[in-house]
Every structure is written in C-alpha cells, then in structure tokens.
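Input: a single structure, listed below in structure tokens.
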Amino acid sequence: MIRKIIQINEDKCNGCGLCATACHEGAIGIINNKAKLLRDDYCDGLGDCIPNCPTGAITFIEREALAYDEASVLENQKKNQVVKQPCGCPGSKAKGMNRKEATTSQLSQWPVQIKLVPISAPYFNECDLLIAADCTAYAYANFHNDFIKNKITLIACPKLDNINYAEKLSTIFSSNNINSVTVVRMEVPCCGGLEVATKNAIISSEKSIPCKIVTIKSDGTIK
C-alpha cells in the first residue's frame with residue numbers, strides 16, 4: 001500500500017539517537033552510528049521522531065510500505081523490554097543487573113554536574129577523577145562499583161549542556177592536584193565532545209595527568 005512514512009537522510013544524521021528514543025514503537029535503531037528505519041510496519045507515520053532530530057535528517061514521504069502493525073509493535077515491546085536512555089543513546093535490553101551491587105551508592109561528593117561543581121574543593125586534592133557522560137550510568141549496569149567507587153565524579157552531556165567544558169576542567173586541573181582522570185563516554189558521536197574537552201583541558205592546564213578513555217556500547221558492554 002502507498003502510505004506516509006518517515007525517511008532518514010544518512011548524510012545529515014549524526015547518530016545521536018534522539019529519534020530512536022522518541023519512537024515509542026521501536027521502528028528506529030542506531031546501526032553503525034546512523035539512524036535506520038528498522039521495519040516499515042513498526043512506523044505509525046505520526047512522526048514523533050521528527051521534532052527530536054537536531055539535524056533535520058528525518059522527513060515524511062509517501063511510498064509503497066507495509067501497513068502499520070500495532071499488534072506486532074506491542075509484542076516486540078513486551079519481548080524486548082526496552083530500556084530507554086536519555087540524550088540520544090539507543091535503548092537496549094537490560095543485561096547483567098546485579099541488584100545487590102546496583103543498590104549500593106559509591107558516590108562520595110555532591111554536586112556532580114560539571115557546570116555546578118566548584119573550581120577548587122578539598123575532595124579534589126590527590127583524587128582520581130571520573131568524568132562521565134550522563135547516559136553511561138544508565139547503559140552500564142554496575143556503573144557505581146566499576147567506575148564511581150573510590151573516585152570523585154563529574155557528569156555532563158556534551159550535546160545538551162551549554163558550557164565550555166574544556167575551560168572549566170582546565171581550571172579544575174590547574175587549581176588542584178589530580179592524580180588521574182578516567183573519561184567514560186557512550187559510543188555515539190556526540191559523546192566525543194566530552195573526550196576532546198578533557199584532553200584539551202589537560203593540555204591547557206600544563207599538567208601531566210594520566211587520562212584513560214572508556215567507551216560504553218549501546219548494549220551496555222564496554223567497547
């Protein structure tokens with residue numbers, strides 16, 4: 001049948017995943033860092049994904065396509081138990097959750113947002129610093145024990161936050177004795193801004209601080 005359905009321009013797509021999060025039917029997925037229409041019969045043609053696309057990569061077209069199959073959509077949602085993540089990271093099945101581990105917080109300071117933390121604080125002295133993208137704690141089940149434990153934690157979203165991370169991080173590095181930095185990011189392209197900002201901040205601070213980059217895949221595993 002000929003009907004209205006979405007079309008995704010891969011050249012414009014930046015792989016942020018906001019469209020996949022907005023699509024309640026699960027019609028859109030992120031494959032090789034690009035949004036894809038997975039199944040015609042999962043797309044209801046209402047276009048909830050379109051206003052969530054920051055690059056204008058999604059439009060409506062009319063073409064030959066399978067009819068929207070609500071029963072299949074509901075069955076797929078129930079089967080996959082999709083975990084929706086904020087800020088552009090595609091949903092996936094929850095895997096490997098250890099409930100005992102996940103309910104024990106390892107956070108040792110507050111606040112944690114980069115834009116809210118002070119430039120200098122006693123907890124920064126001789127600390128191992130964790131700089132994490134917001135979505136990583138949702139994607140990686142044992143985030144507290146594997147990353148936050150014994151570290152001072154800063155979090156941010158390079159896509160949504162209106163702040164120069166490199167400038168503030170450089171001042172933090174310059175004003176305190178930081179032993180090491182671990183950056184935990186998602187594999188989506190927008191998270192690259194956090195990695196670049198941290199590396200540039202270390203350089204501009206003129207300090208020699210070991211820096212480790214950890215990338216979390218959308219299925220919750222480490223890349």
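The values are calculated or read from the model by the stated rules, or taken from the named source; none is laboratory data. Since the structure is predicted, the reported quantities are computational estimates derived from the model, not experimental observations. We place every Cβ from the backbone using ideal geometry, glycine too, and count neighbours over all the protein chains shown. Protein only, heavy atoms only, side chains kept; ligands, DNA and RNA dropped before computing areas. Shrake-Rupley method; radii C 1.70, N 1.55, O 1.52, S 1.80 Å.
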Query raised in the report: What spacing in nm lies between the two simple spin-label points modelled at R3 and S208, each 7 Å away from Cα in the Cβ direction?
Result: 6.5 nm
Report summary line: For Y42, Y138, the accessible-area ranking with a 1.4 Å probe, largest leading, is Y138, Y42
**Report entry** Cut-off 16 Å (backbone N to label point 7 Å along Cα→Cβ of N177), residues of the stretch 188-211
**Finding:** 207-210
Query - Helix 70-80 axis, angle to the chain major axis (alpha carbon atoms, nearest 10°) - result: 30 degrees
Query raised in the report: What's the FRET efficiency of A121 with I61 using the Cβ-Cβ distance as r and R₀ = 41 Å, to the nearest 0.05?
Result: 0.15
Query raised in the report: Can you give the angle from 0 to 90° between the axis of helix 165-175 and the longest principal axis of the chain, with both taken from C-alpha atoms, to the nearest 10?
Result: 20 degrees
Report summary line: Here the stretch 56-62 yields Karplus 3J(HN,Hα) values (6.51, -1.76, 1.60; θ = phi - 60°; whole Hz; Gly and Pro given as x) of x, 7, 10, 9, 8, 9, 10
Query raised in the report: Of S174, I203, I213, which is farthest on the positive side of the dipole of the stretch 142-223, counting Cα position, with +1 on Lys and Arg Cβ, -1 on Asp and Glu Cβ, and the Cα centre as origin?
Result: I213
Query raised in the report: Label K199 and N150 with points 7 Å out from Cα along Cα→Cβ: what is the distance between them in nm?
Result: 2.7 nm
Query raised in the report: Accessible surface of F60 in the full protein assembly, 1.4 angstrom probe, to the nearest 10 Å²?
Result: 80 Å²
Query raised in the report: Helix 192-205 versus the longest principal axis of the chain: what is the Cα-based angle in degrees, 0 to 90, to the nearest 10?
Result: 20 degrees
Report task. Please sort 159-169, 189-199 by packing, taking for each peptide the average over its residues of neighbouring beta carbons within 10 angstrom, highest first. Result -> 189-199, 159-169
Report summary line: Taking placed amide H atoms and a strict 5 Å upper bound, the residues 5 or more places from V184 or on another chain that come that close are I131, A132, A133, V214
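222 nm [θ] for the chain, helices only, -39500 (n - 2.57) per DSSP H run of 4+, per residue, to 500? Don't jump to the answer; show the numbers that get you there.
Working: 6 runs with 49 residues, N = 223.
Value at 222 nm, helices only, nearest 500: -6000 deg cm²/dmol.
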Query raised in the report: Could you give the distance between the Cα centres of the stretch 60-77 and the stretch 103-134, to the whole Å?
Result: 45 Å
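Could you check what % of the DSSP bridge pairs in the chain are antiparallel, to the nearest 5?
Of the beta bridges lying entirely in the chain, close to 40 percent run antiparallel.
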Query raised in the report: Here are several values of percent of Cα pairs over 30 Å apart: (1) 33; (2) 43; (3) 25. Which one was derived from the coordinates shown?
Result: (1)
Query raised in the report: Under 13 Å Cα-Cα from K151, which aspartates and glutamates qualify once same-chain neighbours fewer than 8 residues away are excluded?
Result: E126, D128
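Just how large is the dipole of the stretch 91-223 about the Cα centre, in debye to the nearest 20, putting +1 at every Lys and Arg Cβ and -1 at every Asp and Glu Cβ? Mind showing how you got there, number by number?
Working: 15 positive and 11 negative charges, 74 e Å.
Taking the Cα centre of the stretch 91-223 as origin, the dipole is about 360 debye.
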Query raised in the report: Cross-link list K36/K78; K168/K207; K159/K223: which exceed 18 angstrom alpha carbon to alpha carbon?
Result: K36/K78; K159/K223
Query - Within-11-Å neighbourhood charge of R39 [Cβ basis; K, R +1; D, E -1] - result: -3
**Report entry** Positive-end extreme of charge dipole, the chain - chosen from A137, G17, L66 (charges on Cβ)
**Finding:** A137
Report summary line: For the stretch 18-24, Karplus-derived ³J(HN,Hα) couplings (6.51, -1.76, 1.60; θ = phi - 60°; whole Hz; x for glycine and proline) come out as 4, 5, 5, 5, 6, 7, 6
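Against the globular-protein guess of 2.2 N^0.38 Å, express the Cα radius of gyration of the stretch 153-223 as a ratio, rounded to two decimals. Walk me through the intermediate numbers first.
Details: Rg = 12.3 Å, N = 71, 2.2 N^0.38 = 11.1 Å.
Computed over Cα atoms of the stretch 153-223, the ratio equals 1.11.
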